[in-house]
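Notes follow the structure.
The values are calculated or read from the model by the stated rules, or taken from the named source; none is laboratory data. This is a predicted model, so every value here is computed, not measured. With ideal geometry, Cβ positions are generated from the backbone for all residues, glycine too; neighbour counts draw on all protein chains shown.
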Amino acid sequence: MLNLDQHLRYERESLSRYPRNPDGTIEWGPVPDGLVLSSMDSDSVELSTAIQHATPNAGSLIFFWGSLAVPTVEMGLEFTVTHLSDITESVPEFWIYSPSDRVVVELSFSGVVTAANMPVDMDDRGTA
């Protein structure tokens, strides 16, 4: 489990860089197509394979849930793959951030799995 400071840091690095819908999901329409790695119905893909494909360098993954009532957690990739079906049965909507790959994966309540590279902002280019 991450503490609040860790949660906020990872959220700033990841989810906060995307436009968001009122329900907290990422608003993918304005995200440049070049950033989106894949977007598909969760019934048409093996979720663990999609995550592994989008995050090939991940040592660990950060899981964000729809509420801070459920603490943000960091899990190793192998643990994630092993327990992913249990996670999706318990929580139908969540976001995964791979700090090493700079990739976010969103599993939406509607069943769409979208993976995207992080948008680059001015700080990433070394200028303010």
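The table below gives the values:
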item	result
Unique match (being under 17 Å from Asn117 (Cα atoms) and either modelled with pLDDT of 95 or more or crowded, with 18+ Cβ neighbours inside 10 Å (or both)) among Leu77, Leu61	Leu61
Sole exception among (1) among the charged types (D, E, K, R); (2) surrounded by 11 or more Cβ atoms within 10 Å (Cβ to Cβ); (3) under 14 Å from the mean Cα position of the chain (by Cα) for Glu46, by number	(3)
Single match in Trp95, Trp28 (criterion: under 22 Å from Val120 (Cα atoms), part of a loop (DSSP other than H, G, I, E, B) and in contact (Cβ under 8 Å) with a residue 60 or more places away in the chain)	Trp28
Matching residues, segment 98-112, being assigned to a loop (DSSP other than H, G, I, E, B) and not polar (S, T, N, Q)	Pro99, Asp101, Arg102, Phe109, Gly111
Subset tally (residues that are in contact with a helix residue (DSSP H, G or I) (Cβ under 6 Å, 6 or more places away or on another chain) and surrounded by fewer than 13 Cβ atoms within 10 Å (Cβ to Cβ)) for segment 80-114	0
Sole residue being farther than 16 Å from Asn117 by Cα, in contact (Cβ under 8 Å) with a residue 40 or more places away in the chain and among the polar types (S, T, N, Q), chosen from Ser14, Ser42, Ser48, Ser38	Ser42
Test: residue in segment 1-11 that is part of a loop (DSSP other than H, G, I, E, B) and without any contact (Cβ under 8 Å) to a residue 40 or more places away in the chain	yes
Given (1) touching a Phe, Trp or Tyr at 6+ places or on another chain (Cβ under 7 Å); (2) over 20 Å from Phe109 (Cβ atoms), index of the condition Leu35 fails	(1)
